[in-house]
Amino acid sequence: MKRILLMCLSVLSALQLIAGEPISLKDITNGAFATKRISGVNPLEGTSEYAQISSDGRQVVKYSFKTGNATGVIFDLADAKGVQLSSFDDYQISTDGSRLLLQTNTNRIYRRSFTADFYLYDVKTKQLKKLSKDGSEQIPTFSPDGRQIAYVHQNNIYITDGENVKQVTTDGEFNKIINGLPDWVNEEEFGFNNALAWSADSKTLSWIKYDESEVKSFTLQFYKGSHPTFEMFDIYPGDYSYKYPKAGEANSKVSAWSYNLTDGAVRKYDLPLAADGYIPRIKTTFDANRIIVYTMNRHQDELNLYAANPLTGTCKLLIKESVPKYVKEEAMEGISIMKDYILVPSDRDGYMHLYLYDKNGKLIRQIDKGNYDVTEIYGYDAKTGNTYFQAAARKPMQREIYVADKSGKLTCLSARAGWNVASFSGDYKYFLNTWSDSNHPYVFAIYDNKGKQVREVLNNDELQAKLAKYGNTGVEFFTFTTSEGVKLNGWMVKPANFDATKKYPVIMHQYSGPGSQQVVDNWSVGSMGSGAMFDYYLTQKGYIVVTVDGRGTGARGAAFEKCTYLRLGDLESKDQAEAALWLGKQSYVDASRIGIWGWSFGGFNTLMSMSEGRNVFKAGVAIAPPTNWRYYDSVYTERYMRTPQENAEGYAINPINRAEKLHGKLLICHGLADDNVHPQNTFEYSEALVQADKDFKENLYTNRNHGIYGGNTRNHLLRQVAEWFINNL
């Protein structure tokens, strides 16, 4: 009877705690809480119209930004002659609109790279034909006049006019020479997949060449597995070896080249570049005799923009950007090359702002000023002198859309506090604004360039109503000051029927990587996004869930972000320990039951925080964690740490060297096919724990990459996280 009574009391307590329908993990992972989104909006240059693929994947339709009405059909498979296709994945339109490229049979390689079968469509004749007989092309790129298409096949560059094919390079070979495509580390850490650039007159093609023959290989092992199943590895595993330069090791040797379509001449650009330097971009300009080539030194604290002549190979320095510690990858990505101007983001004054140069590299003016970071650049309208961008000007956890006129006057164009993202029309007269906050899913609306709402396009009111039955309490933001006098921002979700007189266990989630943010007033808030549904799932189990952005995170200026330089993990783990200590002082928190978890850099910082020395964490989960920066790639690691040869002391700050200090129950999870953070990290760390006589649990996921998904995998992974805290907190 006593046992039955206790069971009844336990069930009653659970019901009171939930005060709403139970959240299912499978619902979280199978998309039951997914938002409605607008995607594939392709603004048409110089107009207030955009193109979009129809819902059946058979048309490219033109729409008005202002009205949303269809204004024409750019392409329809039903009209095509020749090859018959049932649908297509993506498309490109030539600048003059005379031709389209249709993308089918897309096969992903790494984060941004893929092969596909492409088809060329002639608008006038309506003929549709395969781009090349081989298929499986990469990065097909129209010439400015629309008459030629350059593409890469098996690491070599080809040019076709739709009838005749010319092979430009012949030395391409897997794991040796790559022409026109970045290698793994350049793709991953400089964020691009196309290293081709046509001249404005379509008479020359330039490209970056990567010689990775001296880069050491890393080998991943694959098994039969499931979702997908590799039958060829049923009895014996298979290997996949690729070039992966680790910190301090040899990188690809890079060079820039041009090909003259008129006479077939191939030239190497006379580019001032150290032997271990980078070429992170190559860009077309509006001048036939000028290509823009970016270079960066290995320390990544200097970025140069060169005007390169494809006919002579000569290079002239236009802009040199040199800032303390490192040039952010986002700043390099945000550079805009226009007909008469170059727009450059820089944190040279302590915050990320915009600087306008003429096309010859002369600084005209600083676009905006203030103690805030510009976080995205939408464009410069040369006709009006207006610059459109996103910034975290009000609070680090929010984003607004701004226009700065030519006199520097700043006007906010987004009406609602929270998180705003814009997609501007080609003439800058309208923009599609995506708004959300931490408690409201996405709303899509069209605004004019004065900030007036024209019309609402899509909302997620149905999802909002659906979520009401779960009793979610809402995300609360807070700020506290550490013992070192540092103000940190955080968010918190509490159980339904929260009682401030009781003490609750806490699960902390963080990422903590340089420039990152998890404390955001955005529907992507939460450890797994989707309006923090996984975190609400944990609150239904009786936990408070908390995230704190420590030092090194973004939108608080260069000094705050770059203070972790050369010592990754030191300040970040101190700040998570400080957050736990602060939480433990709150009347409603059980200081003896605080856990922490994270993925990737967040997994690294979980291990660092659990071995920080103050023993504030009772349990933790590290997913796909780097455990020694010597094992991670050169570009990312050296941006923040320089090389191991230069910074041995900084590299020594790692979880492996702290294994003896590990405190709390630890679960480690890793995908065995993780091409980003290799399983080596977990294997070496687990060995260090064994030798330190530390107990832990390890879950390995067959054939899974850094995202650890496929079939039931993500559901299983999140259940392990939840059950680990349920059993150990």
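The values are calculated or read from the model by the stated rules, or taken from the named source; none is laboratory data. Worth saying up front: this structure is predicted, and the values here are computed from it rather than measured. FYI the Cβ positions are ideal-geometry reconstructions off the backbone, even for glycines, and counts take in every protein chain you see.
Hey, Tyr428 hits all of (1) touching an Asp or Glu at 6+ places or on another chain (Cβ under 7 Å); (2) part of a strand (DSSP E or B); (3) of a type in the set (Phe, Trp, Tyr) but one; which does it fall short on?
Only one criterion is unmet by Tyr428, namely (2).
(1) under 30 Å from Asp301 (Cα atoms); (2) buried (at least 22 other Cβ atoms within 10 Å of the Cβ): which one isn't true of Thr643, the others all being true?
So the condition that Thr643 fails would be (2).
Have a look at Asp56, Asp117 and point out the one that is surrounded by fewer than 19 Cβ atoms within 10 Å (Cβ to Cβ) and either part of a loop (DSSP other than H, G, I, E, B) or modelled with pLDDT of 95 or more (or both). Let's see the steps before the verdict.
Values: Asp117 fails: surrounded by fewer than 19 Cβ atoms within 10 Å (Cβ to Cβ).
Result of the check over Asp56, Asp117: Asp56.
For segment 456-493, which positions are on the phi > 0 side of the Ramachandran plot, at pLDDT 95 or above and more than 29 Å from the chain's Cα centre (by Cα)? Talk me through it step by step, then tell me what you get.
Step one: of segment 456-493, the residues on the phi > 0 side of the Ramachandran plot are 471, 474, 485.
Filter again for at pLDDT 95 or above, leaving 474, 485.
Across segment 456-493, the qualifying residue is only Gly485.
Go through segment 515-533 and give me each residue that's touching a residue at least 60 places away in the same chain (Cβ under 8 Å) and either of a type in the set (A, V, I, L, M) or buried (at least 23 other Cβ atoms within 10 Å of the Cβ) (or both).
Val519, Val520, Asn522, Trp523, Val525, Ser527, Met528, Gly531, Ala532, Met533
Does at least one position in segment 624-631 carry a residue that is in contact with a Lys or Arg (Cβ under 7 Å, 6 or more places away or on another chain) and modelled with pLDDT of 95 or more? Explain how you work it out, then say what you get.
Initial filter on segment 624-631 (in contact with a Lys or Arg (Cβ under 7 Å, 6 or more places away or on another chain)): 630-631.
From what is left, the residues that are modelled with pLDDT of 95 or more are 630-631.
Yes.
If I ask for residues that are more than 22 Å from Thr713 (Cβ to Cβ), of a type in the set (Ser, Thr, Tyr) and in contact with a strand residue (DSSP E or B) (Cβ under 8 Å, 6 or more places away or on another chain), which ones from segment 210-248 would you list?
Tyr210, Ser213, Ser217, Thr219, Ser241, Tyr242, Tyr244
Where residues in segment 466-501 are assigned to a loop (DSSP other than H, G, I, E, B), touching a Ser or Thr at 6+ places or on another chain (Cβ under 9 Å) and β-branched (Val, Ile, Thr), which of them is surrounded by the most Cβ atoms within 10 Å (Cβ to Cβ)?
Val475
Looking only at residues that are touching a strand residue (DSSP E or B) at 6+ places or on another chain (Cβ under 8 Å) and more than 23 Å from Ser202 (Cβ to Cβ) in segment 129-153, which one is surrounded by the fewest Cβ atoms within 10 Å (Cβ to Cβ)? Show your work before the answer.
If we filter segment 129-153 for residues that are touching a strand residue (DSSP E or B) at 6+ places or on another chain (Cβ under 8 Å), which is where we start, we get 129-132, 134-144, 146, 148-153.
Within this subset, residues satisfying the condition of being more than 23 Å from Ser202 (Cβ to Cβ) are 134-136.
Numbers: Asp134: 12, Gly135: 15, Ser136: 14.
Applying the filter and picking the extreme gives Asp134.
Can you tell me which residues in segment 627-685 are in contact with a strand residue (DSSP E or B) (Cβ under 6 Å, 6 or more places away or on another chain), small (Gly, Ala, Ser) and in a helix (DSSP H, G or I)?
none
Based on what the data block shows, is Gly557 more than 25 Å from Arg719 (Cα to Cα) and either surrounded by fewer than 24 Cβ atoms within 10 Å (Cβ to Cβ) or at pLDDT below 95 (or both)? Give the steps one after another, and end with the answer.
Working: more than 25 Å from Arg719 (Cα to Cα): yes; either surrounded by fewer than 24 Cβ atoms within 10 Å (Cβ to Cβ) or at pLDDT below 95 (or both): yes.
When the stated conditions are applied, Gly557 passes them.
Mind listing whichever residues of segment 400-425 are part of a strand (DSSP E or B), under 22 Å from Tyr355 (Cα atoms) and without any contact (Cβ under 8 Å) to a residue 60 or more places away in the chain? Break it down into steps so the answer makes sense when it comes.
Step one: of segment 400-425, the residues part of a strand (DSSP E or B) are 400-404, 410-412, 419-424.
Still in the list and also under 22 Å from Tyr355 (Cα atoms): 400-404, 410-412, 421-424.
Glu400, Ile401, Tyr402, Val403, Ala404, Leu410, Thr411, Cys412, Val421, Ala422, listed by residue number.
Yes or no: Thr170 of a type in the set (S, T, N, Q) and either assigned to a strand (DSSP E or B) or buried (at least 20 other Cβ atoms within 10 Å of the Cβ) (or both)?
Numbers: of a type in the set (S, T, N, Q): yes; either assigned to a strand (DSSP E or B) or buried (at least 20 other Cβ atoms within 10 Å of the Cβ) (or both): no.
So Thr170 does not fit the description; no.
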